[in-house]
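Engineer: The structure that follows is given in the form of structure tokens.
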Amino acid sequence: MGTVVDDAAAAEFHEFFEAHYAELARLAHLLTGEADAADDLAADALLALWHRWDRVRNADHPVAYARGVVANLARTRIRSAVRERRRIALFRAPREGGYAVDDPDVSTIVDVQGALRRLPFRKRACVVLRHAFDLSERDTSLVLGISVGTVKSQTSRAVAELQRLLGPDTPAAQVQVAVAAQRGGGRH
């Protein structure tokens with residue numbers, strides 16, 4: 001980081017901050033529509049400017065540069081919010097063809113919950129999203145930000161590991177049904 005800490009640079013940055021913070025926060029608010037996020041985005045932009053203040057203060061238009069940083073941060077925030085809304089929508093979307101569990105075996109559910117906790121996060125996430133939330137491989141890959149092939153392999157390995165943890169006589173279908181039973185909350 002090219003932070004300049006001499007007194008003249010610090011005073012110059014402080015003056016820039018005082019003169020432009022409110023304007024940058026207003027810009028962030030107008031770009032995102034989020035009053036709460038506006039101050040954070042302006043502060044993040046000014047922090048980024050401070051780290052490069054030696055270059056920013058020598059730019060032809062430092063305020064334009066600052067506005068560009070705010071715009072980029074706002075764009076990133078909006079994209080993240082859109083991705084998050086899509087992920088939430090995937091969880092709420094009704095699915096057909098899932099496992100129907102009318103009267104689950106409570107002891108098996110407790111065993112599966114314990115076994116799930118022992119899996120590494122990615123395997124656990126894949127098997128839970130695929131079987132407890134009945135997401136497709138594609139939707140699971142979108143939620144986790146991994147490829148469909150990785151979802152397939154991690155889910156397969158997770159089911160195999162759950163079978164091993166639950167005992168050699170536990171068929172994969174029973175593991176899948178027990179994980180699917182977690183849909184109802186699984187707190188027994």
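Engineer: So for region 1-75, considering every pair of alpha-carbon atoms, how many percent are separated by more than 22 Å?
Structural biologist: Beyond 22 Å sits 18 percent of the P(r) for region 1-75.
Engineer: Can you give the alpha-carbon Rg of region 109-164 over 2.2 N^0.38 Å, where N counts its residues?
Structural biologist: Dividing the Cα Rg of region 109-164 by 2.2 N^0.38 Å gives 1.03.
Engineer: I've got another one for you. So for region 7-62, averaging the separation of alpha carbon pairs under 8 Å that are six or more residues apart and normalising by length, what relative contact order in percent results?
Structural biologist: Relative CO of region 7-62 lands at 32 percent.
None of the figures in this text is laboratory data; all of them are computed from the coordinates on show. Remember, it's a predicted structure, so these values are computed and weren't measured experimentally.
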